[in-house]
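Input: a single structure, listed below in structure tokens.
The values are calculated or read from the model by the stated rules, or taken from the named source; none is laboratory data. Because the structure is a prediction, the values reported are computed rather than measured. Because the Cβ atoms are built from the backbone with ideal geometry, glycine has one as well, and the counts that use them run over all protein chains shown. Just the protein is used for accessible areas: all its heavy atoms, side chains included, with ligands, DNA and RNA removed. Shrake-Rupley method; radii C 1.70, N 1.55, O 1.52, S 1.80 Å.
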Amino acid sequence: MARGTVVQKIIEAHFVEGSREPGKPVAIRIDQTLTQDATGTMAYLELEAMGVPKVKTELSVSYVDHNMMQNGPENRNDHLYLQSVAAAKGVRFSPPGNGICHQVHLERFGVPGRTLIGSDSHTPTGGGIGMLAIGAGGLDVALAMAGKPFRIPYPKVIGVKLTGKLAPWCAAKDVILKLLSILTTKGNVGSIVEYFGPGVATLTVPQRATITNMGAELGVTTSVFPSDESTRVFLKAQKREQDFVPLAADADAEYDQVIEIALDEIEPLAACPSSPDNIKTIRELAGKKVGQVLIGSCTNSSYRDLAMVAMTLKGRKVSDSVTLSIAPGSRQVLEMLARNGMLADIIAAGARILETGCGPCIGQGQSPADDTVTVRTFNRNFAGRTGTKGDQAYLVSPETAVAIALAGEFIDPRTTGIEYPHVVEPEVFEINDNMIQLPGGSGEIVRKRTIGAPPVNQPLPDELDGVVVIKVGDKITTDHIMPAGIHLKHRSNIPVYAKVVFECFNEPGKPTFAERAAAVRDSGRAGVIVGRDSYGQGSSREHAAICPMFLGVKVVAALAIERIHSANLVNFGIVPLFFANPADYDAIEESDSLVFHKLREQLKPGETVRGELTKADGTKKEILFRHRLSDEDIQIILAGGMLNL
Ligand code: MIC
Ligand code: SF4
């Protein structure tokens, strides 16, 4: 078991109750929370439903960064609700235009050694500044705002030892892509990655944040860097030196597993379609034609990244065969580039400047053409996330992206002949918090017609008469379950949003998943979803639990379910089960019935759950399931979800 690690030190300083044995639940005190608009409306509706008058955290911030297209009134209705509920509940509000939650939080609010949970899976960005920063469902964030501790499985700590220094044109993004090629997106549930070794000191806080941000794709609980001289320099440049606290692992710290990465051996890499762990070197891809290059997102939006892009573009012209669009991650970065003239260099080279925010990363515009390659500095390339069916999305560093934008095809940035621009980190960043709104005011909450109430579930029935409504394969992401893009504007309106659950699996002329599930629900039976390995990867969106719940789903049975999604299922009263015998996955088909007798009694910590499968031809088979539910989880599920408790 790991000892003397940064992870352990932060957990100890925040320990409330529970176990110190890996895998067993531990409850920790939460200092800070963040929400973004796409998950935030539900989180604050839930906070209101709990009757909490004021948040009890040291700091809570509500950001608007995802839904900014404002096609129709829904998005702006959400913003107004969020602004007013933040003011009423003691939460700071960062309005549209101020930047992506993770980037702004790192710049303005992150504090080493503190705990942060956020209703967004990339909350681990804060690990770059030495926070224990964890993504969670909106309801868990609401509970933390209400002053409740947050439960995680006591982590295994994967130590990643960094040595050496990155070579020119090789980037922090390539480090995390390398780690994804080693650890993949599967099988890391319950672990935390901690970086150590002499290479750490060569990386700035924004570079570290790129690495911890995309660490989310490993499926780990979070990733964390120590807090050292680089951290102090960054905080000083943000005029927040008083927030600096040093934090390091003990010299004789022990990790559960150690992986070594030599930074000087890192070369430019890409995550190929359609998984962040499908890694190839850019050398292998050289010559492949590209139609679109997008730079930005919470992974690669720092001043350093965009200044490097601007300096490379200066005096050059983007290839006629691509469009290059840049979405700066924060207003601070955009304002600095505007003031020092770099924005003009970017514009002069032919780039399209997008609004500061998530933008195309979450399918808000800029969908690529059919049968073309899109190259992005983002963190996810799940099929269809770009808004184009059959998309071919590659994830790369800003270094590689800008080289490709100039060439119109994949090119190793080390081979362009362009001199690597030396970006000087600003001694002081442009500090302008005039958009951050402090709580206070009349306390009146603006609730327009598109702001629904969080739906409430029924207690778990003792006889669960289930029907398999869908059977899916490996690595089903929450983007498969609950698409974002053009549907994102319905996040506050569950009956409307629920219509597109599993939309990507609907077939023309046949009833949709939503129609089939609703029919099962309306006949008085329960919906069952069958998944395979790594079910529920990716986003923290609790809608991937709420909307199936609304459609009557009561059980998700799979080989493995990812951490945040599994917690969201529990929070909304859906039972997450695992096949005790993996071969039983093959025995089940869509429309089979799966009955659980005395399910309420069967659900005991550590015990097997028996289900009775009946096939269309009447043959029967007993299927055994395991679960990892704690006593508390079981109470929540029996009650039909956390809000009922
Ligand atoms: C994402 O990157 O998928 C999102 C959109 O930021 C999500 C949150 C959401 O679905 O609103 C995430 O990563 O948690
Ligand atoms: Fe926004 Fe993309 Fe980051 Fe999610 S991954 S928070 S959509 S920029």
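Structure above, values below:
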quantity	calculated
Sequence-separation-based contact order of segment 173-244, relative, with Cα cut under 8 Å and 6+ spacing, percent	37 percent
ALA13/ARG283 FRET efficiency (R0 60 Å; Cβ-Cβ; nearest 0.05)	0.85
At most 13 other Cβ within 10 Å, DSSP loop - GluC sites (Glu not before Pro), segment 422-531	GLU427, GLU444, GLU463
By average C-beta atoms within 10 angstrom, highest first, the peptides 239-247, 468-476	468-476, 239-247
Length-normalised contact order for the chain - Cα pairs under 8 Å, 6+ apart - percent	14 percent
In order through segment 266-272: 3J(HN,Hα) via Karplus (6.51 cos²θ - 1.76 cosθ + 1.60), integer Hz, x for Gly, Pro	5, 10, x, 10, 9, 8, 8
Prolate/oblate/rounded label for segment 139-188 (Cα gyration tensor, a/c 1.5)	prolate
Under-5 Å amide H pairs with VAL160, H placed in peptide plane, nonlocal only	GLU194, TYR195, PHE196, ILE259
Accessible area of segment 53-142 belonging to carbon and sulfur atoms, whole % at 1.4 Å probe	48 percent
Mean-position separation - Cα centroids, segment 406-452 and segment 498-513, in angstrom	35 Å
Alpha-carbon radius of gyration plus Dmax, which is the widest Cα pair, for segment 382-442 in Å	19.8, 60
Accessible surface ranking that places the most exposed of ASP617, ASP345 first, with a 1.4 angstrom probe	ASP617, ASP345
With every protein chain in place, segment 282-321: carbon and sulfur % of accessible area (1.4 Å)	48 percent
Solvent-accessible area per residue for segment 240-369 (1.4 angstrom probe, square angstrom)	39 Å²
Accessible surface, per residue, of segment 557-645 when the full set of protein chains is kept, probe 1.4 Å, Å²	43 Å²
Inter-probe distance in nm under a simple model that places probes 7 Å from Cα toward Cβ, at SER321 and GLU430	3.6 nm
Under the Debye formula (equal points on every Cα, no solvent term), log10 I(q)/I(0) of the chain at q = 0.05, 0.08, 0.09 Å⁻¹	-0.21, -0.54, -0.69
Largest to smallest accessible area among SER523, SER230 [probe 1.4 Å]	SER523, SER230
Out-of-range pairs (alpha-carbon distance over 22 Å; input LYS178/LYS236; LYS471/LYS499; LYS471/LYS598; LYS156/LYS186; LYS510/LYS620; LYS475/LYS604)	LYS178/LYS236; LYS471/LYS598; LYS510/LYS620; LYS475/LYS604
Simple spin-label estimate for LYS604 and ASP250 in nanometres, 7 Å along Cα-Cβ	4.0 nm
Cβ crowding within 10 Å averaged over residues, with 352-365, 390-403 ranked highest first	390-403, 352-365
Accessible-area composition of segment 500-629, carbon plus sulfur, in percent [1.4 Å probe]	50 percent
Label-zone membership for segment 150-167, site MET1, 7 angstrom Cα→C-beta point, backbone N under 19 Å	151-159
Rel. contact order, % - alpha carbon contacts under 8 angstrom, at least six apart, segment 285-433	34 percent
Nonlocal amide H pairs with ALA526, under 5 Å, H built at 1.01 Å	ASP465, GLY466, VAL467
Between helix 74-89 and the chain: long-axis angle, C-alpha atoms, 0 to 90°, nearest 10	90 degrees
Residue-averaged 222 nm ellipticity for the chain, from DSSP H runs of 4+ at -39500 (n - 2.57), nearest 500	-7500 deg cm²/dmol
Label-point separation in nm, ALA369 to ASP522, each point 7 Å along Cα→Cβ	4.4 nm
Heavy-atom SASA rank of LEU343, LEU313 (probe 1.4 Å, accessible area, largest first)	LEU343, LEU313
Vicinal HN-Hα couplings computed from phi for segment 312-322 (Karplus, 6.51 cos²θ - 1.76 cosθ + 1.60; Hz; Gly/Pro x)	6, 6, 3, x, 10, 9, 4, 4, 5, 8, 10
Degrees separating the helix 37-49 axis from the principal Cα axis of the chain, which is the longest one	50 degrees
Rounded tilt (10° steps) of 205-214 against the dominant C-alpha axis of the chain	30 degrees
Per-residue SASA entry for ASP631, accessible area with 1.4 Å probe, Å² rounded to 10	100 Å²
Unsatisfied cross-links (Cα-Cα over 30 Å) in the set LYS389/LYS489; LYS9/LYS165; LYS9/LYS148; LYS288/LYS389; LYS54/LYS554	LYS54/LYS554
Per residue value of the accessible surface for segment 7-83 (all protein chains in place, 1.4 Å probe), Å²	35 Å²
Extension reserve of the SER442-GLU612 stretch, reckoned as 0.36 nm per residue once the Cα distance is removed	55.6 nm
